[in-house]
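All of the numbers you see were taken from the coordinates with simple rules; none came from a lab. Everything quoted here is computed from the prediction, not taken from an experiment. Every residue, glycine among them, receives a Cβ derived from its backbone with ideal geometry; neighbour counts consider all protein chains shown.
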Amino acid sequence: MTTTTTTDVAPRWELDSLFRGGSTSSDYAQFVDQLVADIDAADQQSKTLPQDLTTDNADEWAQWILSVQDAAERLDLAYLYALSLISQDVADVKATSHTQRASEIHSRYKALESSLESFAMRQSDEAWETLMAIDGITNIRFYLDELRRNARLKMDEPREKLALELSVNGYHAWHLLYEKLAGDLRVSVEEDGETKEISLGQNSARLSSSDRNVRRDAFEKMEGAWETVADLAAMTLNSQGGFRLSLYKNRGWDSALQEPLMRSRMTQATLDAMWNAISKSGPELKRYVRAKCDRLGIDKFCWYDQEAPIGATERKYPFEEAGDFIAEHLGSFSPEMGEFTRTAIEGKWIEAEDRPGKRAGGWCSWVPIRKQARIFMTYSNTYDALSTLAHELGHAYHGFVLKDEPAFNSAYPMTLAETASIFNEMRVNDAALRAAEGEEKLALLDLKLQATLTFFCNIRARFLFDSSFYAERKTGNIERAQLSELMKQAQQQAFFGMLDDDQGLHPLFWASKLHFFITEVPFYNYPYTFGYLFAKGVYARAMEEGPSFASNYRNLLADTGKMTTEEVAQRHLGVDLTKPDFWETAVKACLSDVDEFVALVK
Ligand SMILES: [Zn+2]
């Protein structure tokens, strides 16, 4: 990479190879109409098929299951195209209605899925085996077995259906209410001698200011804003938790972790082994935090110092150079990964231009049927943008290695979803670090350690809070003061006492963090830490073994949708995730940067 000040504009993607004609595409309209017709037909068919599986009707059922799978794949494409249109132009009204239509079709599809569940749970093991032996079904039996097993852990069908219906207004609605509450909050800040009203999202950008007074002000304003609605947030959190616990009780589940662990396809033993490794070696991070605070003149480490920048990252990375850089360093590990990066760039799969009217943030999706990927981001010529590009290209590669798998084998759990993306980030980050010196090196190293601090401490505080929240909630409503008390304890423990007891904690974090209120995914926290450490473990192995590991890596990714998390690790890394070894090695690899950081600061 060279230092240039080019004004290169990052490229736009092309969508015509998905469907011609943008949001008025008649090809797309036709595709969607056909999908709806087929889903309705499958729904009708599920009612007329014989309800008891026998050798005589197993083939009919197999065909029906394959038609459901086919609908799932087409639905993905329909949704992805609508998402692409709305992301590139938020004012595209037609695109908005396409996304709404796609979610409507999604609920129709969900009905097919519950028919499949209720059919599966009723069949005897013997009859089920007959079905599983049929061509096209054998290959997707992991998905079907899991669906049947999970359905049997729930209540009977009528009660589950009732719970599902009640959850729309009695459960998920609390999440919507929370989003409204958070979205309406404003804080006033002084900028250039003017007082401005800004949203909490805008305010949060101030938390990474290099000026500590700005960070402190951002933090205090945020706490102040949440203080005004903390009673309502507490009601919301209690209601959501109460709903969940009632449902679990009626299903006969006694642990609040059962649902999240099922979704993660992993056991509690693995989760415990991961956190144990972090609590054992995590205190090493104190040396990093101390050195950084000394350098920045911070006496007491506070919540709002977590994202304090250090060093300098003034170097610009135009898109084209970033693409070359990523392709080169991925390619030297795996030629296929290098070529894939080229294909994604040259095939115009990436929407990167910085222009008004685009959605914020970024995403990546593999496009089924078309066997391409699409990446959406706003490329800003910074190191951060380069790193995001590498990250999203990792997701795209993950989709690519799954391209020939049936849809039911392609849905990997959140715990494994970040393996390829973080792998890419690490590869690119190491290469950038090798080329950097002085203040730039310090900045890059700090970004790495900031991530480690987040995954080891910040995310763990959320997990500890969630754990104690559910334990307490079982006995009744938890008052807001008590919620804050639980949060303070979680932060002190998770940060190994690094945060200043008086001013350093964030008691209202339980209210300010959206993740606690997401109803679709309970315990929306540990999968992040898991994903990071798992990717670190895979990456460390790849660097140790070199390019000869590339095919193992590819096979590992290809199995993420059809095995438990432990099985993926056992088969492709030969490690037992329920034991401490893998985790301790990964944790140490993350902490290996501390010495260099401390030396560089001095
Ligand atoms: Zn990601």
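Indicate the gyration tensor shape class of the stretch 427-566 (rounded, prolate or oblate), computed on the Cα atoms with a ≥ b ≥ c the square roots of the eigenvalues: a/c under 1.5 is rounded; otherwise a/b larger than b/c is prolate and the rest oblate. Working shown, then result.
Working: a/c = 3.37, a/b = 1.52, b/c = 2.21.
Oblate.
Could you tell me how many degrees, from 0 to 90 and to the nearest 10, lie between the Cα long axis of helix 438-453 and the main elongation axis, the longest principal axis, of the Cα atoms of the chain?
The answer is roughly 50 degrees.
Looking at the stretch 462-537, which GluC sites (Glu not before Pro) are DSSP coil and have at most 12 other C-beta atoms within 10 Å of their C-beta? Numbers along the way, then the final one.
Values: sites: Glu472, Glu479, Glu485, Glu520; in loops: Glu479, Glu520.
Answer in residue order: Glu479, Glu520.
Excluding Arg287 itself, what net charge comes from residues whose Cβ is under 13 Å from its Cβ, given Lys and Arg +1 and Asp and Glu -1?
Net charge in that neighbourhood comes out at 0.
Find which of Leu447, Pro260, Ala494 sits farthest along the positive direction of the dipole of the chain, computed with +1 on the beta-carbon of Lys and Arg, -1 on that of Asp and Glu, about the Cα centre.
The residue sitting most towards the positive pole is Ala494.
So what's the back-of-envelope 222 nm ellipticity for the chain, counting only DSSP H runs of four-plus at -39500 (n - 2.57) apiece and dividing by all residues, rounded to 500? Don't skip to the end; give the middle numbers.
Values: 26 runs with 383 residues, N = 602.
Calculated mean residue ellipticity at 222 nm is -20500 deg cm²/dmol.
Could you state the angle between the C-alpha long axis of helix 285-296 and the longest principal axis of the C-alpha atoms of the chain, as a value from 0 to 90 degrees rounded to the nearest 10?
Tilt of helix 285-296: around 50 degrees.
Can you list the residues, at least 5 places off or on another chain, whose amide H is less than 5 Å from the amide H of Asp89, using H built in the peptide plane?
Excluding prolines and chain starts, which carry no amide H, the hits are Arg359.
Can you give me the distance in nm between label points at Arg149 and Glu437, each placed 7 Å from the Cα along the Cα-to-Cβ direction?
5.6 nm
Based on the Cα atoms of the stretch 22-173, what semi-axes does the equivalent ellipsoid have, where each is the square root of 5 times one gyration tensor eigenvalue, given in whole Å with the largest first?
Values: eigenvalues 206, 76, 32 Å².
Calculated on Cα positions only, the semi-axes equal 32, 19, 13 Å.
Give the calculated FRET efficiency between Ser551 and Lys371 to the nearest 0.05, with a Förster radius of 30 Å applied to their Cβ-Cβ distance. Can you show the working numbers first?
Details: r = 21 Å, r/R0 = 0.68.
E between Ser551 and Lys371, to the nearest 0.05, is 0.90.
Which distance in nm do the two modelled labels at Val93 and Ala360 give, with both placed 7 Å along the Cα-to-Cβ direction?
Placing both labels 7 Å along Cα→Cβ, they lie 2.5 nm apart.
Kindly put Glu351, Glu440 in sequence by how many other C-beta atoms sit within 10 Å of each C-beta, fewest to most. Don't skip to the end; give the middle numbers.
Values: Glu351 23, Glu440 18.
With the fewest neighbours first, Glu351, Glu440 line up as Glu440, Glu351.
Could you tell me how many degrees, from 0 to 90 and to the nearest 10, lie between the Cα long axis of helix 580-591 and the main elongation axis, the longest principal axis, of the Cα atoms of the chain?
40 degrees
Looking at Leu237, Leu433, Ala308, which one has the Cα that reaches farthest to the positive end of the dipole of the chain (charges on Cβ: Lys, Arg +1; Asp, Glu -1)?
Leu237
Report the rotationally averaged projected area of the chain based on its alpha-carbon convex hull, in square nanometres.
On the way: hull surface 110.6 nm².
Directional mean of the projected Cα hull area for the chain stands at 27.7 nm².
Cross-link candidates for Lys110: which lysines have Cα within less than 28 Å, leaving aside residues fewer than 8 places away along the same chain?
Reachable lysines: Lys47, Lys94, Lys154, Lys161, Lys180, Lys249, Lys371, Lys403, Lys562.
For the stretch 94-243, what is the convex hull (Cα atoms) projected area averaged across all directions, in square nanometres? Numbers along the way, then the final one.
Values: hull surface 59.9 nm².
Taking the Cα atoms of the stretch 94-243, their convex hull projects to 15.0 nm² on average.
In whole angstrom, note down how far apart the Cα centers of the stretch 250-307 and the stretch 448-488 are.
The distance from the Cα centre of the stretch 250-307 to that of the stretch 448-488 comes to 10 Å.
Sorted from fewest to most neighbouring beta carbons within 10 Å, what does the list Ser467, Ser107 look like? Walk me through the intermediate numbers first.
Values: Ser467 16, Ser107 8.
Least crowded to most crowded, the residues run Ser107, Ser467.
Indicate, rounded to the nearest 5 percent, the antiparallel portion of the DSSP beta bridges found entirely in the chain. Please report the intermediate quantities before stating the final value.
Working: 11 of 13 bridges.
In the chain, approximately 85 percent of DSSP beta bridges are antiparallel ones.
Please go through the stretch 363-431 and write out the trypsin sites (Lys or Arg not before Pro) that DSSP classes as loop and that have at most 12 other C-beta atoms within 10 Å. Walk me through the numbers before you get to the answer.
Numbers: sites: Arg370, Lys371, Arg374, Lys403, Arg427; in loops: Arg370, Lys371, Lys403.
Those that pass, being in a loop and sparsely packed, are Lys371.
Which shape class, rounded, prolate or oblate, goes with the stretch 320-416 when its Cα gyration tensor gives a ≥ b ≥ c as root eigenvalues, a/c under 1.5 marks rounded, and past that a/b bigger than b/c marks prolate?
Numbers: a/c = 1.81, a/b = 1.27, b/c = 1.42.
It is oblate, given that a/c is not under 1.5 and a/b is not larger than b/c.
What is the fewest-to-most order of Val93, Val521 by other Cβ atoms lying within 10 Å of their Cβ?
On the way: Val93 10, Val521 14.
Neighbour counts put them in this order, fewest first: Val93, Val521.
Find the relative contact order for the chain and round it to a whole percent, using C-alpha pairs within less than 8 Å whose residues are 6+ positions apart. Walk me through the numbers on the way to the answer.
On the way: 764 pairs, mean separation 116.6, N = 602.
Relative contact order comes out at 19 percent.
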